[in-house]
Amino acid sequence: MQAEIERLFDHSPSSFRSEDFELFAAFKAELNAGRIRAAEPCPSASTGWRVNAWVKKGILLGLRMGRIVDMSIDAVRQPFFDKHTVPVKQFSETSGVRLVPGGSSIRDGSYVGRGVICMPPMYINVGAWVDDGTMIDSHALVGSCAQVGKNCHISAASQLGGVIEPIGAMPVIVEDDVLVGGNCGIYEGTVVKRRAVLGTGTILNRSTPVYDVVRNEVHKASDDEPLIIPEDAVVVPGSRAITRGPGKDWGLSVYTPIILKYRDSKTGTKIQLEDLLR
């Protein structure tokens, strides 16, 4: 399948054949079942993850192949139009997913594990992976190809930015047992390691360093590596004084995330309340 996807992506015909659509349907079935994914754990990699560029190519291929069709439930009161190759994902009672009524949408070609709770309205895009027992709260976004581990809570209005292009770029990774507080934003391929906690309003991206006041370190992205938040880190929004020029004269500061502590028994007790919602 990989060879065929790459061939078709690199040498697209002027029109696609029925065999090409069958190939994409088989590819999408593998995505839905979680047998292939845009990024996967890799112990030998410095980030702990590797990108499967050919999977990203397959997703982009499907969008390229698709034609705009009417997907409206009610064409007069609520019209929808999208590529016919990526409709909404189909669930049943046996899927083990709580998709609570109220305006949520999950695109086909994403993996949603058993015990996942989707609070309305939320959105999971094509290529995303959401593992067992995770909660995606109201107004939260899991972007295309973002990877979310087991038993996470992506709180209300938080955004996990999708990274589908460039093909080889790391998507946003949130590992197991991570709590992402409300109104957080995780972008540009940031990797949040196991059991980390992001306080309300924390923003993580490639251009803003994270100051670890516990271990006296500064975490930042490089040309070759994404920003990586360590295991068990508790990250909160902070600020850093401007030390020269008009900014200093005016007493200004710039936003920076701060690792204020590492997760302990008190932190665990606070977030155990999440279990009551499951």
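Just so it is clear, none of the values below were taken in a lab; they were calculated from the coordinates. Since we're looking at a predicted model, the values are computed, not measured. Neighbour counts run over all protein chains shown; Cβ positions are idealised from the backbone, glycine included.
For Lys266, list the lysines whose Cα falls under 17 Å from its own Cα; do not include residues on the same chain fewer than 8 positions away.
Cα-Cα hits under 17 Å: none found.
With label points built 7 Å along Cα→Cβ from the Cα atoms of Glu22 and Leu260, find their separation and express it in nm.
Rounded to a tenth, the inter-label distance reads 5.9 nm.
Quote the convex hull volume per residue of the range 106-261, based on C-alpha atoms, as a whole number of Å³.
Once divided by residue count, the hull of the range 106-261 is 112 Å³.
State, as an integer percentage, the relative contact order of the chain based on alpha-carbon contacts under 8 Å between residues 6 or more apart.
In percent, rounded to a whole number, it is 10.
How many nm is it between the label spots at Glu30 and Gln78, if each spot is 7 Å from the Cα in line with the beta carbon?
Between Glu30 and Gln78, the simple spin-label model gives 3.5 nm.
How far is helix 18-33 tilted, in degrees, relative to the longest principal axis of the Cα atoms in the chain, given as a value from 0 to 90 rounded to the nearest 10?
Orientation of helix 18-33: about 40 degrees from the principal axis.
Among the aspartates and glutamates, which fall within straight-line cross-link reach of Lys28, defined as a Cα-Cα distance under 20 Å, with same-chain neighbours fewer than 8 residues apart omitted?
Partners within reach: Glu4, Glu6, Asp10, Glu19, Asp20, Glu40, Asp82, Asp108, Asp131, Asp132, Glu165.
Pick from Val236, Val214, Val191 the residue whose mean-square fluctuation is largest in a GNM of the chain, springs joining Cα atoms under 10 Å.
Val214
Quick one: which of Lys56/Lys89; Lys56/Lys261; Lys89/Lys220; Lys57/Lys193 span more than 29 angstrom between C-alpha atoms?
Too far apart for the 29 Å limit: Lys56/Lys261; Lys89/Lys220.
Assigning unit charges at the beta carbon (Lys, Arg +1; Asp, Glu -1) and nothing else, what dipole magnitude in debye, to the nearest 20, does the range 113-223 show about its Cα centre?
Around 120 debye, computed over the range 113-223.
Assuming 0.36 nm per residue, please report the length gained on full extension of the stretch His11 to Asp223 beyond their Cα-Cα distance.
73.3 nm
In the chain, what % of DSSP beta bridges are antiparallel (nearest 5)?
Among the beta bridges of the chain, antiparallel pairing accounts for roughly 35 percent.
Taking the Cα centre of the chain as the origin and placing charges on Cβ (Lys, Arg +1; Asp, Glu -1), which of Ile229, Ser265, Gln90 is farthest toward the positive end of the dipole?
The residue sitting most towards the positive pole is Ser265.
Give the long-range amide H neighbours of Asp82: residues separated by 5 or more places, or on another chain, with amide H under 5 Å away, using H modelled in the peptide plane at 1.01 Å from N.
Result for Asp82 returns Val69, Met71.
Nothing charged except the Cβ atoms of Lys and Arg (+1) and of Asp and Glu (-1): what's the magnitude of the dipole of the chain about its Cα centre? Round to the nearest 20 debye.
480
GNM, the chain, Cα, under 10 Å: largest mean-square fluctuation among Thr243, Thr190, Thr134?
Taking springs between Cα atoms under 10 Å, the residue moving most is Thr243.
FRET efficiency for Val214 and Ser92, Cβ-Cβ distance as r, R0 = 35 Å, nearest 0.05?
Calculated value: 0.15.
For the range 4-87, calculate the relative contact order in percent as a whole number, restricting contacts to Cα pairs under 8 Å that are 6 or more residues apart.
Value for the range 4-87: 24 percent.
In the range 86-167, which trypsin sites (Lys or Arg not before Pro) fall in coil by DSSP and have 12 or fewer other Cβ atoms within 10 Å?
Arg114
Just name one of Ser46, Ser15, Val76: the one whose Cα is farthest towards the positive end of the charge dipole of the range 1-109 (beta-carbon charges, Lys/Arg +1, Asp/Glu -1).
Looking along the dipole axis, the top candidate is Ser46.
Compute the Rg to Rh ratio over the chain from the alpha carbon atoms, using the Kirkwood formula for Rh, and round to two decimal places.
1.01
Suppose every Lys and Arg Cβ carries +1 and every Asp and Glu Cβ carries -1, with no other charges. What dipole size does the range 1-144 come out with about its Cα centre, to the nearest 20 debye?
Magnitude of the dipole: close to 180 debye.
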